[in-house]
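Asker: One structure, pasted below without further comment.
The values are calculated or read from the model by the stated rules, or taken from the named source; none is laboratory data. Note that the coordinates shown come from a computational prediction; the quantities given were computed from them, not determined experimentally. We place every Cβ from the backbone using ideal geometry, glycine too, and count neighbours over all the protein chains shown. Heavy atoms of the whole protein, side chains included, go into the accessibility calculation; ligands, DNA and RNA do not. Shrake-Rupley method; radii C 1.70, N 1.55, O 1.52, S 1.80 Å.
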Amino acid sequence: RLGSSTSDSPCLKAGSDENNDESLIDDDVVEKLAKREIVVSTSLEMPFSPEVAFDAFSNVERQPSWSNWLKSVKYVDPAEGDDGVDVAFGSRETKWTAGFRGISFSWNSISTRLERPRLIEWESTSGMKNQGQVIFEPNSEGTSTDMTLKMTFVTPRFAAAIFRRSGKIANFVESKMLKTTLVNFCDVVMAEDLQSR
């Protein structure tokens, strides 16, 4: 698999509910979810422009090629509406299937904010609760990009106790999942997107 090893990567060297009435939310539920919430973030300099990074990362069906823990990402709804008009970019729901140490889980999500080439935000609509953002910050010459991947997710109920007992889970997710995802992303873009130009 392309980009499966991070040690020799040139990229490492490069540097909902519409009702918002809070009185309807049970405090016990909020507290239980907070105990299962994990917030992680990592950044990496990419040796290409924010436009290249944004265009590649926003092609969600490609995500498994750089995220080893993702098994598939598929669009749930068609590209055209019932009226035959193309659905707006980013407003289509996607189904994400992931696996880790023999456990598979999935969720549906939708992009909540797309600002090419600076920002992508999403949140889950069903399944594993998560939300996140990717920030693309150009260097002063516009030739490289500081790419930051931030995620907040609520661990599945069956795994919450395991995650709570280990204070190292955020470090693990950041270093072994998110950082590896960014390194692999860089490798894939360098090999596939930039070689074809």
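Asker: Filter the range 111-136 down to the residues that are at negative phi, of a type outside the set (D, E, K, R) and open to solvent by 50 Å² or more (accessible area, probe 1.4 Å) and list them by number.
Answerer: Within the range 111-136, Thr112, Leu114, Thr125, Ser126, Gln131 qualify.
Asker: Additional query: Quick check on Thr155: is it of a type outside the set (A, V, I, L, M, F, W, C), open to solvent by 60 Å² or more (accessible area, probe 1.4 Å), more than 25 Å from Arg92 (Cβ to Cβ) and at pLDDT below 95?
Answerer: no
Asker: Can you find, within the range 75-110, the residue that is modelled with the highest pLDDT among those that are under 23 Å from Lys179 (Cα atoms) and open to solvent by 80 Å² or more (accessible area, probe 1.4 Å)?
Answerer: Lys95
Asker: Among the residues of the range 131-150, which ones are assigned to a strand (DSSP E or B), polar (S, T, N, Q) and closer than 21 Å to Val183 by Cβ?
Answerer: Of everything in the range 131-150, those that are assigned to a strand (DSSP E or B), polar (S, T, N, Q) and closer than 21 Å to Val183 by Cβ turn out to be Gln133, Thr145, Thr148.
Asker: If you don't mind, there's one more thing I want to ask. Could you please find all residues in the range 8-64 being in a loop (DSSP other than H, G, I, E, B) and at pLDDT below 55?
Answerer: Hits for the range 8-64 are Ala14, Gly15, Ser16, Asp17, Glu18, Asn19, Asn20, Asp21, Ile25.
Asker: Out of everything in the range 47-73 that is under 12 Å from Val188 (Cα atoms) and of a type in the set (Ser, Thr, Tyr), what residue ends up being most open to solvent (accessible area, probe 1.4 Å)?
Answerer: Ser65
Asker: So, in the range 176-197, of the ones that are aliphatic (A, V, I, L, M) and modelled with pLDDT under 95, which residue ends up farthest from Leu44 (Cα to Cα)?
Answerer: Among those residues, the one meeting the criterion is Leu194.
Asker: Report yes if Ser144 is at pLDDT 95 or above and not basic (Lys, Arg), otherwise no.
Answerer: Considered against the rule, which asks whether it is at pLDDT 95 or above and not basic (Lys, Arg), Ser144 comes out as yes.
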